[in-house]
Amino acid sequence: MGYRDVYTESIQDREAFWRKQAEKLDWFQPPSEILSKDERGFYRWFRGGQLNVAHLALDAHVDGGRGDQTAIIYDSPVTATQKRFTYRELRDEVARAAGMLRGLGVDKGDRVIIYMPMIPEAIISMLACARLGAIHSVVFGGFSPNELAIRINDAQPKALLTASCGIEFERVIPYKPLVDEALRRADHSPDNTVIVQRPQAAAELQPGRDHDWNDLMAGAQAVDPVPVDATDPLYILYTSGTTGKPKGVVRDSGGYAVALNFSMETIYDLHPGEVFWTASDVGWVVGHSYIVYAPLIRGCTSVVYEGKPVRTPDAGAFWRVISEHKAKAFFTAPTAFRAVKKEDPEAKHLEKYDISCLKNVFVAGERLDPPTYEWLSSTLKRPVVDHWWQTETGWAIVANPMGIEPHPVKSGSASLPVPGYDIRVLNDNGQELPAGQQGNLAVQLPLPPGCLPTLWNDDARFKKSYLERFSGFYDTSDGGFIDEEGYVFIMGRVDDVINIAGHRLSTGEMEEVIGGHAAVAECAVVGIHDELKGELPVAFVVLKDGVDIAPEQLEKELVQAVRNEIGAIAAMRQVAVVSKLPKTRSGKILRKTIRSLSQEDPEKVPTPSTIDDPGSLDVIVEAMQERGIGQYDGNDG
Ligand code: COA
Ligand code: AMP
């Protein structure tokens, strides 16, 4: 069947379509209903079904004869180590880690926070939770203690699993002080903390609360997978919304397993026994889905990489790992390739490696800008597949269906709707727009399996954030258009979420931190285009009357505050002090206009009809020129 037939069936006969996909998995009990609505009126997939995702990812393969195949390859240039786990070895480690957790009182439905760098124990921890039916919540290592505390308070974990340190290029970052600080700040306190002691940094353990991973594992009993309902949560993954409180995206077990297995075949063209490398981090959705769950459910080998695109040791790192582990498909964020291109524009490092194993390259997490696409496809001479998705969906919404029927690429487009997603472009009043017209990208309900059923402990926010704006649709908060041939073009967020080096962050949250400074009366943080990271946050700040502080000093303090409260990944480095901010007559700050001023010729940026004081635009332009922000950096100032 070609793409068009598969897609049509997925929309016109959803239940039959997804039943067939579900039958490919080893359920303990097959679902009694394929699609239904729960008591809250939310769509649910595969009710009545019982399964265990760790069983699908491990035991089912061992039982099916793949026990000796490599499940994961840990490749860590920052520690100069490599380690392989066969499916049997990984199953046994996970079974013992599940026993360790059970010994700490963790049971089905309990939450466990995982705050770890890219080490095998991170994957083992996730799968151990899945094995017990416990709900993991992985927190990216680049987040600050404050962010960790927010997640601890919301998820109320029974246990917290961490490591003594992470390693950023050559820099060792001790995690334990960050965890201790988070636990001091949090109102909720997990009963136990388990620490993987790494040779690069020893963590001091607090007796009674902190345990050494190896000590506990040595005495742990292996446990069998616990059957869970298809609709039971597998994990919570927090992601940035528009406020200071992150959204706890819930992922249920059955729909996710079915969707991921389907995606491996149809989008990534990957089959059991083949090698998939996703260079991301288990702290992000891409890592959850395509470092851990999808490759293992599919019976592939997954590369777990603790390194960077560059300087570990050089800009040939990607090519080395692809050739050494014979990856058939490689997936990362465009920003990572921009980093490689910057250091090695002629891709000289590539000459040293045989990457003939590589069939397709996939990118997501941010827009694939045409220059990066051109560079990549002419350098690698193989398909470079942009695909669009969100933490909320867990897998791609728009992609080129490489495993069904590869389509010609259109630069700037992520290609076609993935089977299961009925995508429409709506104007602000919810009316559907014709081909070619830009508007809000929305997905007609129901969403396919794998997408979020709700937000953790917050059905009201789930409805408000995603379902209320356009009745009958999921609001993606991305803008874009669909062309005459059905190709979808994603033009970026229409809310206050920005994308910094493939990391999703909230400008609203940064504004809350900056607004908390004693000298600040009000502020606006906007994402300004950056050659390497895609976007960088810049703060425009109005001081309180009578405050006397040097702008350089204020900038230093605010940059540090954002680093402390959110994390280094927020990468906020520039603060411009201004006398006023452009606002509407009702007092709403015109952030979009500020951003346009940084990107376009200010003479041509139209003055919004609702603006209260047009002179405020000149104030911003002057500040940008003075600080070299946006188009004014370099010679223009
Ligand atoms: N733990 C602790 N700190 C971290 C971290 C982690 N896991 N990840 C990043 N940081 C820190 C960095 O050390 C840096 O700190 P600094 O300001 O003290 O130097 C800061 O956060 C910003 O990091 P980053 O934005 O990653 O910039 P970089 O210059 O270190 O690296 C790239 C640039 C492009 C190499 C890197 O961003 C990258 O590989 N991005 C790919 C992102 C990705 O995979 N996204 C997943 C979606 S698919
Ligand atoms: P995250 O939840 O971190 O995966 O971020 C999701 C957001 O990243 C989306 O809402 C988009 O704004 C952006 N994004 C992800 N993939 C793409 C893509 N392929 N093209 C354009 N934007 C993307």
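The values are calculated or read from the model by the stated rules, or taken from the named source; none is laboratory data. Everything numeric in this text was worked out from a predicted model, so none of it was measured. Methodologically, a virtual Cβ is constructed for each residue, glycine included, from the backbone with ideal geometry; neighbour enumeration extends over all protein chains shown. Calculation scope for accessible area: heavy atoms of the full protein, side chains included, ligands and nucleic acids excluded. Shrake-Rupley method; radii C 1.70, N 1.55, O 1.52, S 1.80 Å.
Screening the range 167-190 for residues that are of a type in the set (Asp, Glu) and surrounded by 13 or more Cβ atoms within 10 Å (Cβ to Cβ) and picking the one that is nearest to ASP110 (Cα to Cα) gives ASP180. Every residue in the range 471-482 that is of a type in the set (Val, Ile, Thr) and either more than 13 Å from GLN390 (Cα to Cα) or away from ligand 2 (no atom under 12 Å from the Cβ) (or both), please. Across the range 471-482, the qualifying residue is only ILE482.
Here GLY241 passes the criteria (1) surrounded by 24 or more Cβ atoms within 10 Å (Cβ to Cβ); (2) within 16 Å of ligand 2 (Cβ to nearest atom) except the one numbered (1). With respect to ARG251, determine if the residue is open to solvent by 10 Å² or more (accessible area, probe 1.4 Å) and either assigned to a loop (DSSP other than H, G, I, E, B) or in contact with a Phe, Trp or Tyr (Cβ under 9 Å, 6 or more places away or on another chain) (or both). No: the conditions fail for ARG251.
Within the range 478-506, the set of residues being more than 16 Å from ligand 1 (Cβ to nearest atom), outside any loop (DSSP other than H, G, I, E, B) and buried (at least 21 other Cβ atoms within 10 Å of the Cβ) comprises GLY480, ILE482, VAL488, PHE489.
Can you find, within the range 358-384, the residue that is farthest from ligand 1 (Cβ to nearest atom) among those that are surrounded by 21 or more Cβ atoms within 10 Å (Cβ to Cβ) and touching a residue at least 60 places away in the same chain (Cβ under 8 Å)? Checked the range 358-384; the qualifying residue farthest from ligand 1 (Cβ to nearest atom) is ASN360.
Contact map, the range 512-532: residues that are over 30 Å from ARG338 (Cβ atoms) paired with residues that are in a helix (DSSP H, G or I) and of a type in the set (A, V, I, L, M, F, W, C), Cβ distance under 7 Å, separation 6+ or inter-chain. Pairs shown: HIS517/LEU558; HIS517/ALA561; ALA519/LEU554; VAL520/ILE514.
Screening PRO207 on (1) surrounded by fewer than 22 Cβ atoms within 10 Å (Cβ to Cβ); (2) closer than 20 Å to HIS503 by Cβ shows it passes everything except condition (2).
Which ones in the range 179-204 are in a helix (DSSP H, G or I) and either small (Gly, Ala, Ser) or free of Cβ contacts under 8 Å to residues at least 60 places away in the same chain (or both)? Spell out the reasoning first.
Going through the range 179-204, the residues in a helix (DSSP H, G or I) turn out to be 179-185.
Hits for the range 179-204 are ASP180, GLU181, ALA182, LEU183, ARG184, ARG185.
Restricted to the range 385-414, and to residues there that are closer than 25 Å to PRO448 by Cβ and among the hydroxyl-bearing types (Ser, Thr, Tyr), the residue that is farthest from ligand 1 (Cβ to nearest atom) is SER413.
In the range 393-433, the residue that is nearest to PHE330 (Cα to Cα) out of those that are free of Cβ contacts under 8 Å to residues at least 12 places away in the same chain and assigned to a loop (DSSP other than H, G, I, E, B) is PRO408.
Counting only residues that are at pLDDT below 90 and outside any loop (DSSP other than H, G, I, E, B), the range 595-626 holds 2 of them.
The rows are residues; the columns are (1) touching a residue at least 12 places away in the same chain (Cβ under 8 Å); (2) within 30 Å of SER323 (Cα to Cα); (3) not aromatic (Phe, Trp, Tyr).
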{"site": "ASP13", "(1), (2), (3)": "no, no, yes"}
{"site": "LYS20", "(1), (2), (3)": "no, no, yes"}
{"site": "ARG40", "(1), (2), (3)": "yes, no, yes"}
{"site": "GLN50", "(1), (2), (3)": "yes, no, yes"}
{"site": "THR79", "(1), (2), (3)": "yes, yes, yes"}
{"site": "THR86", "(1), (2), (3)": "yes, yes, yes"}
{"site": "ASP92", "(1), (2), (3)": "yes, yes, yes"}
{"site": "MET100", "(1), (2), (3)": "yes, no, yes"}
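Would you confirm whether or not the range 555-574 contains a residue that is under 30 Å from ILE150 (Cα atoms), buried (at least 20 other Cβ atoms within 10 Å of the Cβ) and away from ligand 1 (no atom under 16 Å from the Cβ)? No, because not a single residue in the range 555-574 is under 30 Å from ILE150 (Cα atoms), buried (at least 20 other Cβ atoms within 10 Å of the Cβ) and away from ligand 1 (no atom under 16 Å from the Cβ). In this structure, ASP459 does not qualify as open to solvent by 30 Å² or more (accessible area, probe 1.4 Å), within 16 Å of ligand 2 (Cβ to nearest atom) and on the phi < 0 side of the Ramachandran plot. In the range 483-502, the residue that is nearest to the chain's Cα centre (by Cα) out of those that are away from ligand 2 (no atom under 12 Å from the Cβ) and not charged (D, E, K, R) is TYR487. Here VAL78, VAL94 are screened, and the one residue that is farther than 30 Å from GLN444 by Cα, open to solvent by 30 Å² or more (accessible area, probe 1.4 Å) and under 25 Å from the mean Cα position of the chain (by Cα) is VAL78. Those helices (runs of 4 or more DSSP H) of the range 265-365 in which at least 3 residues are touching a strand residue (DSSP E or B) at 6+ places or on another chain (Cβ under 9 Å), within 16 Å of ligand 2 (Cβ to nearest atom) and modelled with pLDDT of 95 or more, considering only elements entirely within it, cover 334-343. Within the range 142-167, residues that are more than 23 Å from ASP458 (Cα to Cα) sit with their Cβ atoms under 6 Å from residues that are open to solvent by 10 Å² or more (accessible area, probe 1.4 Å) and within 16 Å of ligand 2 (Cβ to nearest atom), at 6+ positions apart or across chains, in these pairs: GLY142/ILE569; GLY166/GLY141.
Every residue, every condition in (1) out of contact with any strand residue (DSSP E or B) (no Cβ under 8 Å at 6 or more places or on another chain); (2) farther than 24 Å from LEU90 by Cβ; (3) open to solvent by less than 80 Å² (accessible area, probe 1.4 Å), yes or no:
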{"position": "GLU23", "(1), (2), (3)": "yes, yes, no"}
{"position": "PHE28", "(1), (2), (3)": "no, no, no"}
{"position": "PHE46", "(1), (2), (3)": "yes, yes, yes"}
{"position": "ALA54", "(1), (2), (3)": "yes, no, yes"}
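Evaluated against (1) more than 16 Å from ligand 2 (Cβ to nearest atom); (2) in a helix (DSSP H, G or I), ARG151 falls short on exactly one condition, (1). If a residue must be within 15 Å of ligand 2 (Cβ to nearest atom) and surrounded by fewer than 19 Cβ atoms within 10 Å (Cβ to Cβ), how many such residues does the range 385-429 contain? Residues that pass the stated criteria total 4.
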